[in-house]
Amino acid sequence: MKRIPLIAALLLAPLTALHAAGKPNVIVVLSDDVGLSRVSCYDAAPFRTPNIDKLAVTGLRFERCYSMPLCGPSRGALLTGKYPFRTGYLGNSSSTIDPKRNPTIANVLQQASYATCAIGKLGQSAPEDDAQAPRALGFDEYMLWMGRNTPDRYWNPRYCRNGEFVQGRPEQYGPDLTHEFLVDFMRRNGERPFFVYYSAVLAHTPFVRTPDTKPGTKDRAQIVTDMVHYLDKQMGLLVADLEKLGLRDNTIILFTSDNGPYGEPLGTIRGQPLHGVKGDVTEGGVREPLIVNCPALVPAGRVSQDLTDFTDLFPTVLELAGVALPPNLKLDGRSIAPQILGRQGKPREWVYAQLAGDYFIADHRYKLYGDGKFTDISDSPAAEKTVSESDEAAMKAKQRLAAALGELRAGVTAPVAS
């Protein structure tokens with residue numbers, strides 16, 4: 001694949017000029033139950049993630065990225081670009097994607113001649129016993145763990161590989177096998193643009209040792225830490241493999257997490273615990289890392305305070321890929337491709353998140369819940385503070401958020417499961 005040179009003038013040109021030089025590859029890494037407090041470049045502790053941190057230092061780090069509070073709704077929003085109240089993907093038991101109603105990023109890119117691949121975890125996005133389901137979601141090739149909370153995502157792994165369920169051996173580690181599958185896919189598809197949904201199983205339960213865990217370790221906190229560190233190790237391997245294949249300069253990596261952390265140690269931000277964890281609509285359950293890196297395309301060393309949420313990834317990936325949105329497909333997301341490429345873009349004024357009947361809309365400072373609760377999130381993700389009704393500026397912000405929420409959810413009376 002032809003590499004794209006890093007030319008400052010190109011960053012000021014229209015995106016169509018960018019893609020005339022060759023369409024980029026895109027890899028979306030969705031880590032599991034990692035959250036903001038387990039990625040050390042966000043002032044998190046006690047975890048150390050040097051490989052992910054390097055992606056941030058040599059790329060772009062977003063400070064205000066929001067997911068949904070739980071795995072199924074987050075994946076639904078990311079893959080379809082729509083909020084849960086539109087799709088019915090409101091919880092883990094109601095997040096099976098129907099691509100005929102809600103096409104995925106992969107469906108659209110596949111039609112645009114991208115090679116598509118998914119590895120790791122498909123989770124609640126498809127029936128766990130349907131080996132063909134990933135193909136319907138737009139993936140040409142895949143090696144995916146399709147189960148639920150079972151240990152076979154790690155040791156003695158059972159995965160679905162290109163339409164067949166395969167059983168590994170007791171000494172094999174699932175995340176290693178899926179990574180090897182991805183490297184082979186990239187090697188075979190290096191002459192055409194590809195899209196990869198790298199949906200990591202790490203660091204979800206069950207909490208079990210990694211290949212790097214010291215023999216005999218039984219301390220659960222140490223094992224959780226090891227699992228996060230192994231995820232970071234795999235990010236380093238991903239970069240190294242892209243370099244070996246000659247694809248690094250033209251491959252955009254986006255790293256994030258599906259929801260807040262779960263399992264001690266949860267981690268801290270700037271020495272403070274999170275306000276909420278996985279499954280909570282409070283800040284700790286929905287604030288996520290978002291790091292974007294590509295040596296030839298993404299200017300290095302930047303930090304963005306622009307608001308973004310998971311529905312934005314669909315239009316962002318399409319714009320980076322130079323692929324037009326199908327005319328009959330309406331998304332909730334807004335592309336952040338201009339910001340990624342070093343331009344100003346049109347930042348959001350608010351973000352939205354939902355789990356079942358609980359939801360909120362938020363700007364940089366304030367958050368309005370569906371039940372009317374109104375909080376100050378200037379100390380996010382460590383706290384949400386009660387707002388006095390005598391605070392005139394805050395009340396004006398509340399009115400603005402209420403108007404935006406009313407417009408967004410116009411006609412919606414109650415959550416409707418798919």
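The values are calculated or read from the model by the stated rules, or taken from the named source; none is laboratory data. Given the structure is predicted, the values throughout are model-derived calculations rather than measurements. As a convention, Cβ positions derive from the backbone with ideal geometry for all residues, glycine included, and neighbour counts pool all protein chains shown. Side chains included, ligands, DNA and RNA excluded: accessible areas come from the protein's heavy atoms. Shrake-Rupley method; radii C 1.70, N 1.55, O 1.52, S 1.80 Å.
Summary of computed values
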quantity	calculated
Straight-distance crosslink candidates among aspartates and glutamates, where the alpha carbon sits under 16 Å from Lys346 and sequence neighbours closer than 8 are dropped	Asp306, Asp309, Asp312, Glu319, Asp332, Asp363
Shape call, segment 194-284: gyration tensor on alpha carbons, a/c limit 1.5	oblate
Accessible surface of Phe139 - all protein chains present, 1.4 Å probe, nearest 10 Å²	0 Å²
Value of relative contact order over the chain, rounded to a whole percent, pairs C-alpha under 8 Å and six or more apart	26 percent
Expected 222 nm ellipticity per residue - DSSP helices of 4 or more, -39500 (n - 2.57), all of the chain, to 500	-8000 deg cm²/dmol
Ranked order, Trp155, Trp145 - accessible area, probe 1.4 Å, largest first	Trp155, Trp145
Share, in percent, of DSSP beta bridges within the chain that are antiparallel, nearest 5	55 percent
Cα centroid of segment 89-158 to Cα centroid of segment 301-380, whole Å	23 Å
Diffusion coefficient, µm² s⁻¹, Stokes-Einstein with Kirkwood Rh over alpha-carbon pairs of segment 294-418 at 37 °C and 0.692 mPa s	198 µm²/s
Relative contact order, percent, segment 239-307 [alpha-carbon distance under 8 Å, six or more residues apart]	36 percent
Separation in nanometres of the label points that stand 7 Å from Cα toward Cβ, at Arg48 and Thr386	4.3 nm
For segment 85-127: rounded, prolate or oblate by the Cα gyration tensor [a/c cutoff 1.5]	oblate
Dipole of segment 213-335, positive direction: furthest Cα of Ser335, Ile252, Leu313, with charges on the beta-carbon	Ile252
Total charge dipole magnitude, the chain, about the Cα centre, Cβ charges on Lys, Arg, Asp, Glu only, Debye to nearest 20	680 debye
Violating pairs (Cα-Cα greater than 20 angstrom) within the set Lys82/Lys330; Lys278/Lys367; Lys121/Lys367; Lys54/Lys82	Lys121/Lys367; Lys54/Lys82
Ranking by accessible area, most exposed first, for Glu171, Glu349 with a 1.4 Å probe	Glu349, Glu171
Dipole axis of the chain (+1 Lys, Arg; -1 Asp, Glu on Cβ), positive-most option in Val281, Phe139, Tyr42	Phe139
Computed accessible area, Arg64, all protein chains, 1.4 angstrom probe, square angstrom	30 Å²
Spatially proximal aspartates and glutamates relative to Lys244 (Cα-Cα < 20 Å; intrachain offsets below 8 disregarded)	Asp176, Glu180, Asp184, Glu191, Asp232
Extension gain (nm, one decimal) between Gln222 and Glu164, 0.36 nm per residue minus Cα-Cα	17.4 nm
Stretchable slack from Lys100 to Ala402, in nm (0.36 nm times residue separation minus alpha-carbon distance)	105.5 nm
Relative packing of 308-320, 397-409, 47-59, which averages over residues the other C-beta atoms within 10 Å, highest first	308-320, 47-59, 397-409
Residue-span extension gain [Val208 to Asn92] - 0.36 nm each, minus C-alpha spacing	39.5 nm
5 angstrom amide H check on Lys82, placed H, neighbours 5+ away	Asp332
Residues Ser113 and Glu243, FRET efficiency given R0 of 22 Å [Cβ-Cβ distance, rounded to 0.05]	0.30
Debye intensity ratio I(q)/I(0), log10, segment 21-86, q values 0.12, 0.14, 0.28, 0.29 Å⁻¹ (C-alpha model)	-0.42, -0.56, -1.28, -1.31
Cα-based shape type of segment 190-348, given that a ≥ b ≥ c are square roots of the gyration tensor eigenvalues and the cut on a/c is 1.5	oblate
DSSP beta bridges in segment 26-184 [antiparallel fraction, %, rounded to 5]	60 percent
